[in-house]
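Worksheet for the structure shown next.
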Amino acid sequence: MESKAYERDFLSKQQNHCDMTFKNIPELYLDDCKIRTRSTTLSNKKDLINHKMLPYFKHINTNEITPNHIRKWQNSLKKENYSDTYLKSIHNQIAAIFNFAIKYYNLNVNPALRAGAKVTMAFKILFGTGIRRGELLTLTFNDINLDNNTININKTYTKWMELIL
């Protein structure tokens, strides 16, 4: 039985359509990302996919995932008390996976974009200034000067820092 499932997954990946379980699309996406991204970025992507997306979506066909599925998943993540910044990162990653499926596997719509994501002040700062996520995560009130409308960016955060702390 397991060999039949493997064969079905393998054959689905060879086709250019999304009539396959969601777990296959991130595998294809990550294979594509290996060439285009740094190893730390790839590691972060894998972590989000394996721990936040696959447990919820892995058995659902990609072309059957709806904005309603995404909203329910987002709500389950919000119950975990993650920061808005982290939730936005997760949302951006799943949206990127669906965009990949649209571009290369003929998915019709991106359910993550239709479901939307809450834009917070942190993301307004990200998009408005162009700073990186790691730089945003280390900002303090002392770094922001409202009188001059400036932000002092003098430090950054990376995942490996968690191992040290």
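Output the pairs from LYS45/LYS78; LYS45/LYS103; LYS45/LYS72; LYS34/LYS155; LYS103/LYS124; LYS58/LYS103 with a Cα-Cα distance over 23 Å in this structure; if there are none, say none.
Numbers: LYS45/LYS78 19 Å; LYS45/LYS103 19 Å; LYS45/LYS72 21 Å; LYS34/LYS155 27 Å; LYS103/LYS124 27 Å; LYS58/LYS103 20 Å.
From LYS45/LYS78; LYS45/LYS103; LYS45/LYS72; LYS34/LYS155; LYS103/LYS124; LYS58/LYS103, over 23 Å: LYS34/LYS155; LYS103/LYS124.
Work out the FRET efficiency for VAL109 and ILE144 from their Cβ-Cβ distance, taking R0 = 35 Å, and round it to the nearest 0.05.
According to the calculation, E is roughly 0.35.
Step through the residues of segment 78-87 one at a time and calculate ³J(HN,Hα) from phi using the Karplus curve (6.51 cos²θ - 1.76 cosθ + 1.60, θ = phi - 60°), rounding each to whole Hz and writing x for Gly and Pro.
4, 5, 7, 6, 6, 5, 4, 5, 5, 4
Find how much the distance from SER43 to THR129 grows on full extension, using 0.36 nm per residue of separation minus their present alpha carbon separation; answer in nm with one decimal.
On the way: separation 86, 0.36 × 86 = 30.96 nm, distance 2.55 nm.
Full extension from SER43 to THR129 adds 28.4 nm.
Please give the peptides 126-138, 88-100, 142-154, 45-57 ranked by average Cβ packing (other Cβ atoms within 10 Å per residue), highest first, as a rough proxy for protection. Intermediate results must be reported in sequence, preceding the final value.
Working: 126-138: 14.1, 88-100: 19.9, 142-154: 10.2, 45-57: 16.8.
In descending order of packing, they fall as 88-100, 45-57, 126-138, 142-154.
In whole Å, how far is the Cα centre of segment 82-119 from that of segment 30-45?
Using only Cα atoms to place each centre, the spacing works out to 17 Å.
Bear in mind that the values in this text are calculations on the coordinates, not laboratory data. What you are looking at is a predicted structure, and each value in this text was computed from that prediction instead of being measured. Backbone-built Cβ (ideal geometry, glycine too); neighbour counts: all protein chains shown.
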